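The values are calculated or read from the model by the stated rules, or taken from the named source; none is laboratory data. This structure is a prediction, so every number in the text was calculated from the model and none was measured. Every residue, glycine among them, receives a Cβ derived from its backbone with ideal geometry; neighbour counts consider all protein chains shown.
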């Protein structure tokens, strides 16, 4: 579980540093950070986690834009 938290934290760190980072570059940076920390590189379970977190963030961002106009009408 701690590995998942670390990967999510690294994801947030690298996205904050570069708002227009691509998913491939993000995976490379996370993989490098894990290797520097003497951890194993990203595996298929980690990639699935990254995809799930990215999907949740997209839903959140899209939802905020949709609800914004609805909130202003009230």
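Quick one: how many residues across region 32-64 are under 15 Å from residue 3 (Cβ atoms) and under 13 Å from the mean Cα position of the chain (by Cα)?
Going through region 32-64 one residue at a time, the tally reaches 7.
Considering only region 13-25, state which residues are exposed (fewer than 12 other Cβ atoms within 10 Å of the Cβ), in a helix (DSSP H, G or I) and out of contact with any helix residue (DSSP H, G or I) (no Cβ under 8 Å at 6 or more places or on another chain).
Result: 16, 17, 24.
Quick check on residue 67: is it modelled with pLDDT under 90 and either loosely packed, with under 11 Cβ neighbours inside 10 Å or in a helix (DSSP H, G or I) (or both)?
yes
Determine if region 29-42 includes at least one residue that is free of Cβ contacts under 8 Å to residues at least 60 places away in the same chain and closer than 23 Å to residue 61 by Cβ.
Within region 29-42, one or more residues are free of Cβ contacts under 8 Å to residues at least 60 places away in the same chain and closer than 23 Å to residue 61 by Cβ.
Within the group 40, 54, which residue is in a loop (DSSP other than H, G, I, E, B) and either at pLDDT below 90 or surrounded by 10 or more Cβ atoms within 10 Å (Cβ to Cβ) (or both)?
After applying the criteria, what remains is 40.
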